Amino acid sequence: MDIIRRNTDYALRLATILAGFSCTEESVSAKILSKEAAVPYPLTCKLLQKMQKKGIIKSEMGPKGGYCLARSPGQISLLEVIQIIQGPICVNRCFLGSYKCPLKGRCPLHKKLMGLQNEIVHSLDNTYLSDLIDNQHRNLEAV
């Protein structure tokens, strides 16, 4: 079971690359994003479109057009990107609400898994695209 699915990982890569370009205020083409993120071009286009519909990226038409973040990298959390692409993160299906567990109310795992669920969501909600840029920049300086 993957908590973060493949397409979500791809979307996070694309958003992080766009965050790096946000300092230059340049738009980036889908082809360049696809290559830089190692994401197939057709899937890149679908993911960008999905993120654009939810307002975290915007596109510009024309010869110098492309994609850029709609907001500052410090205003876009990893959780927001994840929820746009795959919906809520769930450690176990019992947290989805629609699942009817036969042990509801007396499950020995529920409390521990709920704590884990809350930690994951909290961490992702408090990690921003800007944090990834800073980490990437520090890693490059160390080399």
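Listed values, structure above:
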| quantity | calculated |
| --- | --- |
| Neighbours by Cβ (under 8 Å, 6+ apart or cross-chain): first from the range 45-71, free of Cβ contacts under 8 Å to residues at least 24 places away in the same chain; second among the β-branched types (Val, Ile, Thr) and surrounded by 14 or more Cβ atoms within 10 Å (Cβ to Cβ) | Ala70/Ile56; Ala70/Ile57; Arg71/Ile56 |
| Subset of the range 35-44 (residues that are in a helix (DSSP H, G or I) and either among the charged types (D, E, K, R) or touching a residue at least 12 places away in the same chain (Cβ under 8 Å) (or both)) | Lys35, Glu36, Ala37, Leu43, Thr44 |
| Residue in the range 26-34 that is more than 23 Å from Ile4 (Cα to Cα), among the charged types (D, E, K, R) and in contact (Cβ under 8 Å) with a residue 40 or more places away in the chain present | yes |
| Selection within the range 77-114 - among the hydrophobic types (A, V, I, L, M, F, W, C), in a loop (DSSP other than H, G, I, E, B) and either closer than 17 Å to Ile4 by Cα or in contact with a Phe, Trp or Tyr (Cβ under 6 Å, 6 or more places away or on another chain) (or both) | Ile89, Cys90, Val91, Leu96 |
| Restricting the range 45-62 to residues that are among the aliphatic types (A, V, I, L, M) and modelled with pLDDT of 95 or more, the residue that is surrounded by the most Cβ atoms within 10 Å (Cβ to Cβ) | Leu47 |
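The values are calculated or read from the model by the stated rules, or taken from the named source; none is laboratory data. Not measured: the values here are computed from a predicted model. Cβ sites come from the backbone with ideal geometry, for glycine too, and all protein chains shown count toward neighbours.
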